[in-house]
Amino acid sequence: MLSPGDNAPTADLLNQAGETFDWTSITGHRTLVFFYPKASTPGCTQQACALRDIIGQVGDTRIVGVSPDKPATQLKFADKYELTYPLLADTEHVLAEAYGVWQEKVNYGKRYMGVVRSAFLVDTTGTLEQVWYKISPKDTPVKLLEALAL
């Protein structure tokens with residue numbers, strides 16, 4: 001598990017357009033990197049839309065979503081809910097593992113590996129400023145706005 005002060009991991013991932021995401025595009029900006037389990041599910045939709053709705057309140061802070069979904073699924077999700085920030089396809093869960101959010105989960109007694117919803121505020125130099133493991137969809141935008149107000 002990562003802590004504030006650690007370097008923020010990066011990985012070569014495709015965005016919803018099928019293009020390799022350029023991590024240098026966020027250099028010099030605070031960035032929220034949030035991990036969600038599956039596009040277009042209720043909790044993930046709530047979280048993604050709530051972040052979309054506060055974009056006007058976060059100044060030049062960037063937002064980047066990450067899930068194990070394929071780029072085409074991410075694109076449908078972005079188009080359907082008018083998400084204007086990058087959604088990265090971590091199909092091999094490389095970035096999720098680096099952040100420590102690829103974990104064993106239990107649902108109805110069945111054990112499986114998956115993304116634990118989490119969010120990370122990265123400072124302008126690529127260092128983790130805030131770390132929120134197991135964050136709820138509704139708390140993600142609240143915690144981001146609180147952190148930016150500090």
- In whole angstrom, note down how far apart the Cα centers of segment 8-52 and segment 74-150 are. 8 Å
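Starting with the highest mean, order 107-117, 129-139, 82-92 by the number of other Cβ atoms within 10 Å, averaged over the residues of each peptide.
Most protected by this proxy first, the peptides run 82-92, 129-139, 107-117.
Which whole-number percent gives the relative contact order of the chain, counting Cα pairs below 8 Å spaced six or more residues apart?
RCO, the chain: 33 percent.
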- Query: Pulled fully out, how much extra length does the chain show between residue 105 and residue 46, if you take 0.36 nm times their separation in residues and subtract their Cα-Cα distance?
  - Reply: 19.2 nm
- Message: Can you pull out the trypsin sites (Lys or Arg not before Pro) in segment 15-62 whose DSSP state is coil and whose Cβ has at most 16 other Cβ atoms within 10 Å?
- Response: 38
- Percent antiparallel among DSSP beta bridges confined to the chain, nearest 5, equals 70 percent
- Modelled label-to-label distance, residue 125 and residue 23, 7 Å Cα→beta-carbon offset: nm? 1.7 nm
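Show that you can apply the helix-only estimate: for the chain, add -39,500 (n - 2.57) for every DSSP H stretch of four or more residues, divide by all residues, and state [θ] at 222 nm to the nearest 500.
Details: 4 runs with 40 residues, N = 150.
Mean residue ellipticity, 222 nm, calculated: -8000 deg cm²/dmol.
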- When the dipole is taken about the Cα centre of the chain, and only Lys, Arg (+1) and Asp, Glu (-1) are charged at their Cβ, what size is it in debye, to the nearest 20? 640 debye
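Bear in mind that the values in this text are calculations on the coordinates, not laboratory data. Keep in mind that this is a model prediction, so the values were computed, not measured. For neighbour counting, all protein chains shown are included, and Cβ atoms are generated from backbone atoms with ideal geometry for every residue, glycine included.
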